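Right, one structure below, let's go through it.
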Amino acid sequence: MSIKDILINDRSVSEFSHAFHSELAEIITLLEETETVFENNFILRDNHRCKYVQEFTFMAIESVVSATRLLIEGHVNSSGNTMRIAYESLCMAILLSSDCSIVINKGKSPKTINFYKSYLEKHGKTKPYLAVDHVINNAEVLGLNSGKCWLKGAKEFYNTYSHSSLISMGSLILSSGNSIVGGGYHEEKIKLYTDNLEFIARFLRQLPCLVEAIGNRNLTKQSTRC
């Protein structure tokens with residue numbers, strides 16, 4: 001297939017959709033549920049904090065949709081990188097919506113900060129790429145005890161797609177030695193597709209409840225001070 005064909009020709013995703021019909025059906029159902037929860041629990045207010053929380057929550061949802069579509073088209077690395085954005089966005093929403101102080105630099109020079117205030121001050125430790133670690137390390141105070149394990153597992157899984165690793169390189173090579181350019185469906189990559197779909201589904205099984213909790217905490221009622 002030529003570069004021109006790869007870039008501008010329509011290509012069917014029917015093979016992937018047929019092979020993973022049940023997995024995609026679950027993902028679609030969970031995304032629709034999440035969309036409904038988001039619409040019902042977020043109220044647009046003229047408040048910077050509310051807007052930040054709402055925008056990061058929306059980005060988390062949109063990124064899952066885009067990551068799933070990329071995976072269906074065979075863009076495994078791009079899908080994984082986009083899922084990392086989804087996790088980071090969700091964690092940013094959790095941190096920004098919480099009034100509880102969190103501890104940063106655990107194990108080194110621990111320091112307690114109010115994440116939202118520090119974010120406004122452009123504190124270096126409030127950058128999105130650190131958000132997942134902050135939530136994992138402060139899961140108890142943030143009320144995310146049950147989600148700590150799956151979040152940590154997802155971080156480890158998706159980190160491989162954020163760098164030029166052997167794993168990300170392997171997703172582009174077939175057993176014949178031929179390279180995959182521009183995605184597409186390849187039967188010998190079924191396990192790779194399966195693993196990625198499972199991590200997307202794990203995230204979505206948690207997402208509706210988390211979106212509702214985030215929405216209720218800061219956007220529709222006064223949160224409890226810690």
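Each value in this text was obtained by applying a stated rule to the coordinates, not by laboratory testing. Computed from a predicted structure; not experimentally measured. For neighbour counting, all protein chains shown are included, and Cβ atoms are generated from backbone atoms with ideal geometry for every residue, glycine included.
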Verdict on residue 173 being β-branched (Val, Ile, Thr) and surrounded by fewer than 14 Cβ atoms within 10 Å (Cβ to Cβ): yes
Selected residue (criterion: surrounded by the most Cβ atoms within 10 Å (Cβ to Cβ)) from residues of region 4-27 that are under 17 Å from residue 180 (Cα atoms) and in contact (Cβ under 8 Å) with a residue 60 or more places away in the chain: 16
Within region 159-172, tally of residues that are under 21 Å from residue 186 (Cβ atoms) and in contact (Cβ under 8 Å) with a residue 12 or more places away in the chain: 5
Condition met for residue 137 (touching a residue at least 24 places away in the same chain (Cβ under 8 Å), in contact with a Leu (Cβ under 9 Å, 6 or more places away or on another chain), surrounded by fewer than 22 Cβ atoms within 10 Å (Cβ to Cβ) and more than 27 Å from residue 39 (Cβ to Cβ)): no
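Pick from 74, 80: which is in contact (Cβ under 8 Å) with a residue 40 or more places away in the chain, outside any helix (DSSP H, G or I) and under 30 Å from residue 166 (Cβ atoms)? Full working, then the answer.
Details: 80 fails: outside any helix (DSSP H, G or I).
The unique qualifying residue is 74.
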Selected residue [of a type in the set (A, V, I, L, M), in contact with a Lys or Arg (Cβ under 9 Å, 6 or more places away or on another chain) and either closer than 24 Å to residue 36 by Cα or part of a loop (DSSP other than H, G, I, E, B) (or both)] from 65, 103, 53: 53
Some residue of region 38-46 being part of a loop (DSSP other than H, G, I, E, B) and in contact with a Lys or Arg (Cβ under 9 Å, 6 or more places away or on another chain): yes
Selection status of residue 19, under 21 Å from the mean Cα position of the chain (by Cα) and among the hydrophobic types (A, V, I, L, M, F, W, C): no
